[in-house]
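Written out below as structure tokens is the structure these notes cover.
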Amino acid sequence: MKRIHDPARATRERLLRLERQEKARAEARAVMDGVAETVALAKGRGAAFEPPRGRKARAQPYRRLSGLEWLETKGRIGKEARAAGERYGAVYRRARMDPSIPSTLEPKAHGALPPGQSLKALAAHAQSTAQAEAALAACRRRLMMQPDLIAACDLVCGEEKTPREAAGGGDRETVRLEAVLKVALDLLAAG
């Protein structure tokens, strides 16, 4: 079958293609503007980001830095302190991981398991949580149960906030929190 060349149709198709390309560019600009606004707002609250790098930097996402990563990149803590903080953060997050409680309006038999979970999986989850709680308690004993030291570790190591985010205040509170955290990390690294 021979195709007949229709100049009007070819022009319409070309215009539609150009229109779709311009629409895609406009959407990409809107997304980039939204990402830039979100990053700027988070930075204003104290979050730290690693900007995209490399030849295709525009196509790569921003990477949010944890408080410990940020402190190490700024040279404010060493590798040992960061490792101690990461260990604390891991047991903190695991200890806080409660099993989900199903919500339903159906009456169930007393002691029924959540759907899709075996008794063995539930017991393993509970045992792992108990071990993490014991490890967290041991870390807190190394911190001499001092509330400021524990709070600094919970916020920066456990919840992965930067000192500025965790302090929620001005520079004075940020510097104070950072100093308290350094002492806490030194105690954890020494233990």
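Worth pointing out:
- Members of the range 10-47 found to be among the hydroxyl-bearing types (Ser, Thr, Tyr) and at pLDDT 80 or above, listed by number: Thr11
- Residue tally, condition surrounded by fewer than 10 Cβ atoms within 10 Å (Cβ to Cβ) and in a helix (DSSP H, G or I), over the range 1-25: 2
- Residue match in the range 56-75 (condition: surrounded by 11 or more Cβ atoms within 10 Å (Cβ to Cβ), at pLDDT 80 or above, β-branched (Val, Ile, Thr) and not in a loop (DSSP other than H, G, I, E, B)): yes
The values are calculated or read from the model by the stated rules, or taken from the named source; none is laboratory data. These figures come from a predicted structure and were not determined experimentally. We place every Cβ from the backbone using ideal geometry, glycine too, and count neighbours over all the protein chains shown.
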